Amino acid sequence: VFVSNRILAVVLICASAYAVHRILVSEDRQEAQLKRLNAVIETAVDGVVIIDEKGIVERFNPACIQLFGYDASEVIGLNINMLMPAPYKKEHDGYLKNYLKTGERKIIGIGRQVEGLRKNGSTFPMEVSVGEARHGEHDATGTNAFSNTTPSRPIRSMLGVEITSLSEGLSFSA
């Protein structure tokens with residue numbers, strides 16, 4: 001009996017050690033996955049904003065800093081509607097509340113052409129794509145990806161030259 005109890009104790013110790021090892025390996029994998037995800041968000045060419053279910057900004061990547069002119073610390077903890085011109089600014093919270101109440105998706109999963117509001121007050125055209133991640137029954141996280149659709153200076157310059165060339169070649173008669 002003493003030998004079988006001792007063998008049982010060794011088996012339990014080994015099983016416990018194996019379980020602890022599996023937990024540590026799992027935590028290491030989760031940490032590595034989190035680091036990879038952070039690297040993707042931080043190096044994304046497009047702006048990525050992560051909000052909670054109330055529209056409060058939790059994450060604001062470097063591309064957003066370039067797009068909107070705000071430092072991340074100026075936006076995190078505030079409502080995402082600060083990045084929207086009127087009338088969208090006032091309407092946004094109502095859209096969120098309606099979605100949370102009814103589950104009806106109006107923009108989630110699709111892209112839409114909208115206007116963004118920069119820190120300096122200027123607006124610019126952008127493409128927004130909205131996604132959602134749920135972490136439980138009542139814990140939703142919104143992911144917003146923004147692409148500036150304003151033509152770059154070289155493209156605007158080329159378009160200007162092309163339009164000028166075309167208009168010089170046209171003659172209008174009354």
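Quick notes
- Residue in the range 69-80 that is surrounded by 14 or more Cβ atoms within 10 Å (Cβ to Cβ), touching a residue at least 60 places away in the same chain (Cβ under 8 Å), among the hydrophobic types (A, V, I, L, M, F, W, C) and touching a Gly at 6+ places or on another chain (Cβ under 8 Å) present: yes
- Going through (1) surrounded by 14 or more Cβ atoms within 10 Å (Cβ to Cβ); (2) at pLDDT below 70 one by one, Y99 falls short only on (2).
- Given (1) outside any loop (DSSP other than H, G, I, E, B); (2) more than 27 Å from T43 (Cβ to Cβ); (3) open to solvent by less than 70 Å² (accessible area, probe 1.4 Å); (4) modelled with pLDDT under 70, number of the condition I163 does not satisfy: (3)
- Some residue of the range 82-94 being at positive phi and either in contact (Cβ under 8 Å) with a residue 60 or more places away in the chain or surrounded by fewer than 17 Cβ atoms within 10 Å (Cβ to Cβ) (or both): no
- The single residue among Q30, Q66 that is within 19 Å of V114 (Cβ to Cβ), open to solvent by 50 Å² or more (accessible area, probe 1.4 Å) and within 25 Å of the chain's Cα centre (by Cα) turns out to be Q66.
- Restricting attention to the range 47-62, the residues that are crowded, with 21+ Cβ neighbours inside 10 Å and small (G, A, S) add up to 1.
- Residue in the range 45-59 that is free of Cβ contacts under 8 Å to residues at least 60 places away in the same chain and of a type in the set (G, A, S) present: no
- Residues of the range 102-117 classified as open to solvent by 60 Å² or more (accessible area, probe 1.4 Å) and either acidic (D, E) or under 17 Å from the mean Cα position of the chain (by Cα) (or both), total: 6
- Test: V40 is without any contact (Cβ under 8 Å) to a residue 40 or more places away in the chain, assigned to a helix (DSSP H, G or I) and within 21 Å of Q66 (Cβ to Cβ): yes
The values are calculated or read from the model by the stated rules, or taken from the named source; none is laboratory data. Only a predicted model underlies this, so the values are computations on that prediction, with no experimental measurement involved. As a convention, Cβ positions derive from the backbone with ideal geometry for all residues, glycine included, and neighbour counts pool all protein chains shown. Areas reflect the complete protein model, heavy atoms only, side chains present, ligands, DNA and RNA absent. Shrake-Rupley method; radii C 1.70, N 1.55, O 1.52, S 1.80 Å.
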